[in-house]
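Structure first, then comments.
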Amino acid sequence: MTHQKPAGLPDRIRHFIDGEFVDSVGGETFDVLDPVTNENYIQAAAGQQADVDRAVAAAKRAFQEGPWPKLLPRERSRVLHKIADIVESRDAQLAELESFDSGLPITQAKGQARRAAENFRFFADLIVAQHDDTFKVPGRQINYVNRKPIGVAGLITPWNTPFMLESWKLGPALATGNTVVLKPAEFTPLSASLWAEIFREAGVPDGVFNLVNGLGEEAGDALVKHPDVPLISFTGESSTGSLIFGNAAPFLKGLSMELGGKSPAVVFADADLEAALDATVFGVFSLNGERCTAGSRILVQRDIYDEFVERYAERAKNVVVGLPSDPATEVGALVHPEHYDKVMSYVEIGKGEARLVAGGGRPEGFPTGNYVAPTVFADVSPDARIFQEEIFGPVVAITPFDTDEEALELANNTKYGLAAYIWTSNLKRAHNFSQSVDAGMVWLNSNNVRDLRTPFGGVKASGLGHEGGYRSIDFYTDQQAVHITLNEAHSPKFGVVAP
Ligand code: NAD
């Protein structure tokens, strides 16, 4: 197989504002690199304050004067289902562009395109089933919740599975009647511009969806600090999240923060070892290891530790590294040379901290591009940097433990708390451990299989607020309480002059 540019690439990537593709007001652009060659393959418009101002003004106008927020839920739902239909019908093309831009293996990119469609379908269904509370105080009052969209939602997304993660925010924000400005990650802007065509075809009115490309410190920052954007939904690194928190504070914005992780996969001696191996290998090497919920710390009970490490290393050595476009590829190229350098620096740090049992550098036969061999470190001590810090690549740390208490202490011994995976056949232990571990989401004897109705989010440095199911609806709406007196209003009489 040879590496080729996909057909149908645009001549450049532009913003999409008020129903039109536009360049930056001042003409600024940035380079977008192909992760296999690290050559600049396209230019993208680099949004500045003026571009964000235009996009927010269009979104505000569409919110205040346009039909979208006032449509019946069923009408918005129909449009969302149409969006899902179009995404499904183009999954091959979407996946091809996404894989080319991000370096994700093509088979995994296809799965992500289908998940993007499912996100739209899910919120299309949820919004028509949405009901709100009404409370009766017999003979006195009826009080009810009047749920309203909030306004212009600012959506800021990362470069790992960009199209799918954008859908995770666009689906509920639009379903609830808001208008949006999306600022996708600068490493991977290609697939975001496909939304514009898809939304137009599905009948989303002009100004409801706006897209501003650009760097985080410029376009992202301008969105966070824009006074007419009351909501920011952010997914990205914990350090960026905390910066955005501070920048949004003077405006008292609604914030949803999905941040980094260093999730433990805990394998007890009584686990189904084969199933645990399948899941833990997949859990850190799928999506090139560029996965927020990656089980990147594997804690293994000492009775099975040596066997586990040996079999795990064997599997890691056999993971197929290859061109992102090749259907046989299991690990492709990392997104960008800057990220490649970061991951490689952790591989070098790991060599001084622990025992290298697989990988440890470039895979053979890949002299160029952002390729990292699936890398496994064993005997990793809990104070090692590769145990504590998010690497976000195909690198895993394995650590032994003896007792349940020690496993829990190790599992909770990082600043993060996104996901945890537990492998055991003991029911009591499974539940007790799950309930004690510091993680927003736990999978028992399972890899990361999402149920869109459940809360998604992390604790500690992994995030604030949960989206998923009706929690997303709550984030993107105001719940106004309306109180009606059914009888005479009994107010204490103030200011009545005594006779
Ligand atoms: P990042 O924080 O560098 O960037 C994320 C987005 O924020 C980008 O669009 C970027 O341009 C923008 N940004 C950067 N600085 C900004 C600023 N000052 N103001 C406004 N916007 C700014 O993250 P990344 O490297 O793109 O993504 C990887 C990270 O995302 C990892 O830490 C990963 O764990 C995390 N992530 C978390 C989840 C989750 O659901 N918890 C999901 C996916 C990824």
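The values are calculated or read from the model by the stated rules, or taken from the named source; none is laboratory data. Just so you know, these numbers come straight off a predicted model, no measurement behind them. When the accessible area is computed, the model is the full protein with side chains, heavy atoms only, and any ligands, DNA or RNA have been set aside. Shrake-Rupley method; radii C 1.70, N 1.55, O 1.52, S 1.80 Å.
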Using modelled backbone amide H atoms (1.01 Å from N, in-plane), which distant-in-sequence or interchain residues come within less than 5 Å of Ile298's amide H?
-> Ala265, Ala397, Ile398, Thr399
Can you put Glu348, Glu488 in order of accessible area, largest first, using a 1.4 Å probe?
-> Glu488, Glu348
Of the accessible area of the chain, computed with a 1.4 Å probe and all protein chains kept, carbon and sulfur make up a percent value of 52 percent
Cα-Cα over 20 Å: which of Lys183/Lys415; Lys60/Lys169; Lys82/Lys148; Lys351/Lys460?
-> Lys183/Lys415; Lys82/Lys148; Lys351/Lys460
By how many degrees, between 0 and 90 and to the nearest 10, does the Cα long axis of helix 273-285 differ from the longest principal axis of the chain?
-> 70 degrees
Note, ³J(HN,Hα) from phi for segment 40-48, Karplus 6.51, -1.76, 1.60, rounded to Hz, x at Gly and Pro = 6, 9, 7, 9, 10, 5, 9, x, 10
Take every DSSP beta bridge with both residues inside segment 264-444 and express the antiparallel ones as a percent of the total, to the nearest 5.
-> 15 percent
Is the shape of the chain rounded, prolate or oblate, going by the alpha carbon gyration tensor and its root eigenvalues a ≥ b ≥ c, with a/c under 1.5 for rounded and a/b larger than b/c for prolate?
-> oblate
Under 5 Å, built H, 5+ apart or other chain: amide partners of Ile13 = Gln43, Ala44, Ala45
Mind checking the log10 I(q)/I(0) for segment 264-444 at q = 0.12, 0.14, 0.17 Å⁻¹? Debye, one equal scatterer per Cα, no solvent, two decimals.
-> -0.51, -0.70, -1.02
In deg cm²/dmol, rounded to the nearest 500, the helical mean residue ellipticity at 222 nm of the chain, built from -39500 (n - 2.57) for every DSSP H run of length 4 or more, is -11500 deg cm²/dmol
Listed by chain and number, the lysines with an alpha carbon less than 21 angstrom from that of Lys5, same-chain partners under 8 positions apart left out, are Lys110
Reachable aspartates and glutamates, given that their alpha-carbon falls under 15 Å from the alpha-carbon of Lys225 and they are not under 8 places away in the same chain = Asp51, Asp53, Glu217
Using the alpha-carbon atoms, what tilt in degrees (0 to 90, nearest 10) does helix 302-318 show relative to the longest principal axis of the chain?
-> 90 degrees
Order Thr424, Thr368, most accessible first, counting only protein heavy atoms with a 1.4 angstrom probe.
-> Thr368, Thr424
Can you give the accessible area of Lys317, probe radius 1.4 Å, in Å² rounded to 10?
-> 120 Å²
Using θ = phi - 60° and the Karplus relation 6.51 cos²θ - 1.76 cosθ + 1.60, list the HN-Hα couplings for segment 459-468 in order, rounded to whole Hz, with x at every Gly or Pro.
-> 10, 6, 6, 8, x, 9, x, 10, 10, x
Order by accessible surface, 1.4 Å probe, largest leading, for residues Leu427, Leu464 comes to Leu427, Leu464
Backbone HN-Hα couplings from phi across segment 249-262 [Karplus 6.51/-1.76/1.60, Hz, Gly and Pro as x] = 4, x, 9, 6, 7, x, 10, 10, 10, 10, 10, x, x, 8
How much of the DSSP beta bridge set in the chain is antiparallel, as a percent to the nearest 5?
-> 40 percent
Could you state the accessible area per residue of the chain in Å², with a 1.4 Å probe and every protein chain left in place?
-> 41 Å²
Taking amide H positions as placed in the peptide plane 1.01 Å from N, state which residues far from Val442 in sequence (5 or more) or on other chains have amide H under 5 Å from it.
-> Ala420
How far, in degrees from 0 to 90, does helix 49-65 lean away from the longest principal axis of the Cα atoms of the chain, to the nearest 10?
-> 50 degrees
